[in-house]
Amino acid sequence: MNIEEKNIKVFGHRSPDTDATCSAIVWSWFLNTHRHQNATPYILGPVNTEAEFVLESFGVTIPKTLDEIQSHDTVAIVDTNNLDELFENINEAEIVSIIDHHKLTGTLKTNLPLELVIQPYASTMTVMYNVMNIEPEDLPQDIAGLMLSGIISDTLEFRSPTTTEEDKELAVKIAQVLGINISEYAAKMFDAKSNISDFSAAELIRMDSKIYEINGKQTRVSVLETTNPQMIIDRCDEIITAIPKIKQEDTVEEVLLFAIDILKEEAVLFVYNDEIKALAEKSFSVEISGNTTVLPGVVSRKKQILPALTK
């Protein structure tokens, strides 16, 4: 069967953030309209409130949730290349493309050659722009809006150290075409992301989290980006109480939760046992006396948190 005749399932990582959610939609659109392939976007879990706001703002329906895949499925993966963030049997499927901006983990395997594009930008959207070679003025407004939103989200409106000039230049070009003030729109996105009142402690911990091996332990590293970190800190006892159950259910040995203050550009780490206290003091050169500690200047899991934890 030719690839034009196959139904390609497009999705990003588990605990989908704005970039992963919007990337699946944008890449599906490109495959359908420019490569004449049959592609459908999916998510691998509930989207966060920021992604909900973005999709609603541009009149885009939330993709259906994909609960499993089969060995006969044809898939395209966006915003990750890490087996731990995907289905356990992902290597049994036919992977036709991986479009990503993270480091290469080497955990995915394919039986056939594939399109593999990994570039060092802050957002998958910037990578896709380079692949698609379509100028912002030639994009549908909803697709352009999702691309702008993905860049704003992953760069924290250019505050993150992962931000490149290419990310910023592309965002500015798209915003000009759409007639959007980036600062005003970003503020609305971050306000939506900061509304966590309806989420349980377990949902907060899993909302934007990834699993890594740190010091030989499977560790869930979660970040909550917000303009109102006090809302999260006020639920410290509830969050710490939920962690043992999450360890058991998710088969991980440790959980690290960082509340990222977007405006102050700092992180608050939740400390719930002596092991986490020792790891944090060693990694971030701080002295910890309570259940939380402030890490000035720390906003990026990829560029700052993980390197510190694994050094």
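The values are calculated or read from the model by the stated rules, or taken from the named source; none is laboratory data. Everything numeric in this text was worked out from a predicted model, so none of it was measured. Note that we place each Cβ from the backbone using ideal geometry, even for glycine, and neighbour counts take in every protein chain shown.
Give E238, E253, E225 a once-over and let me know the one that is more than 13 Å from I196 (Cβ to Cβ) and of a type in the set (D, E).
Details: E238 fails: more than 13 Å from I196 (Cβ to Cβ); E225 fails: more than 13 Å from I196 (Cβ to Cβ).
E253 is the lone residue from the list that is more than 13 Å from I196 (Cβ to Cβ) and of a type in the set (D, E).
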Subject >> Boolean, I214 is on the phi < 0 side of the Ramachandran plot, surrounded by 15 or more Cβ atoms within 10 Å (Cβ to Cβ) and either at pLDDT 95 or above or of a type in the set (S, T, Y) (or both) >> reply: no
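Does at least one position in the range 295-302 carry a residue that is touching a residue at least 24 places away in the same chain (Cβ under 8 Å) and surrounded by fewer than 16 Cβ atoms within 10 Å (Cβ to Cβ)? Walk me through how you get there before you give the answer.
Narrowing the range 295-302 to residues touching a residue at least 24 places away in the same chain (Cβ under 8 Å): 295-302.
Next, only the ones that are surrounded by fewer than 16 Cβ atoms within 10 Å (Cβ to Cβ) stay: 296-297.
Checked the range 295-302: at least one residue is touching a residue at least 24 places away in the same chain (Cβ under 8 Å) and surrounded by fewer than 16 Cβ atoms within 10 Å (Cβ to Cβ).
Of the residues I99, I62, I69, I77, which is under 17 Å from M147 (Cα atoms), modelled with pLDDT of 95 or more and not in a strand (DSSP E or B)? Can you show your working first?
Numbers: I99 fails: not in a strand (DSSP E or B); I69 fails: under 17 Å from M147 (Cα atoms); I77 fails: not in a strand (DSSP E or B).
Matching residue, one of I99, I62, I69, I77: I62.
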Original post:
How many residues are touching a strand residue (DSSP E or B) at 6+ places or on another chain (Cβ under 9 Å), over 11 Å from I260 (Cα atoms), of a type in the set (D, E, K, R) and surrounded by 14 or more Cβ atoms within 10 Å (Cβ to Cβ) when one looks only at the range 217-242?
Top reply: 1
Original post:
Counting only residues that are crowded, with 19+ Cβ neighbours inside 10 Å and at positive phi, how many does the range 258-289 have?
Top reply: 0
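Out of the range 80-93, which residues are in contact (Cβ under 8 Å) with a residue 60 or more places away in the chain and either part of a loop (DSSP other than H, G, I, E, B) or farther than 15 Å from G12 by Cα (or both)?
Matches in the range 80-93: T80, N82, L86.
Just one of T65, T61 is surrounded by fewer than 20 Cβ atoms within 10 Å (Cβ to Cβ), in contact with a strand residue (DSSP E or B) (Cβ under 6 Å, 6 or more places away or on another chain) and more than 19 Å from I211 (Cβ to Cβ); which is it? So that I can check it myself, show each step before the final result.
Working: T61 fails: in contact with a strand residue (DSSP E or B) (Cβ under 6 Å, 6 or more places away or on another chain).
Being surrounded by fewer than 20 Cβ atoms within 10 Å (Cβ to Cβ), in contact with a strand residue (DSSP E or B) (Cβ under 6 Å, 6 or more places away or on another chain) and more than 19 Å from I211 (Cβ to Cβ) holds for just one of T65, T61, which is T65.
Answer yes if at least one residue in the range 169-176 is outside any loop (DSSP other than H, G, I, E, B), within 30 Å of D237 (Cβ to Cβ) and within 20 Å of the chain's Cα centre (by Cα), and no otherwise.
no
Mind telling me which of the residues K103, K109 ends up being at negative phi, exposed (fewer than 12 other Cβ atoms within 10 Å of the Cβ) and of a type in the set (K, R)?
Working: K103 fails: exposed (fewer than 12 other Cβ atoms within 10 Å of the Cβ).
None of the others qualify; the one that does is K109.
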**OP:** Please go through the range 284-307 and pick out each residue that is of a type in the set (A, V, I, L, M) and under 19 Å from R159 (Cα atoms).
**Re:** V294, L295, V298, V299, I305, L306
**OP:** Would you mind telling me which numbered condition in (1) farther than 17 Å from F190 by Cα; (2) modelled with pLDDT of 95 or more E265 fails?
**Re:** (1)
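Could you tell me whether any residue of the range 114-124 is surrounded by fewer than 13 Cβ atoms within 10 Å (Cβ to Cβ), under 18 Å from N38 (Cα atoms), charged (D, E, K, R) and assigned by TED's automatic domain parsing to the domain that holds D167?
The first filter runs over the range 114-124 and keeps only residues surrounded by fewer than 13 Cβ atoms within 10 Å (Cβ to Cβ), leaving 115, 120.
Remaining after also requiring under 18 Å from N38 (Cα atoms): 115.
Okay, now just the ones that are also charged (D, E, K, R), so 115.
If we keep only those that are assigned by TED's automatic domain parsing to the domain that holds D167 too, we end up with 115.
Within the range 114-124 (the criterion being surrounded by fewer than 13 Cβ atoms within 10 Å (Cβ to Cβ), under 18 Å from N38 (Cα atoms), charged (D, E, K, R) and assigned by TED's automatic domain parsing to the domain that holds D167), the answer is yes, since at least one residue qualifies.
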**OP:** Specify which of the listed residues (T226, T241, T251) is hydroxyl-bearing (S, T, Y) and under 20 Å from the mean Cα position of the chain (by Cα).
**Re:** T226
**OP:** For the range 144-154, indicate whether the set of residues that are among the charged types (D, E, K, R), crowded, with 21+ Cβ neighbours inside 10 Å and within 15 Å of the chain's Cα centre (by Cα) is non-empty.
**Re:** yes
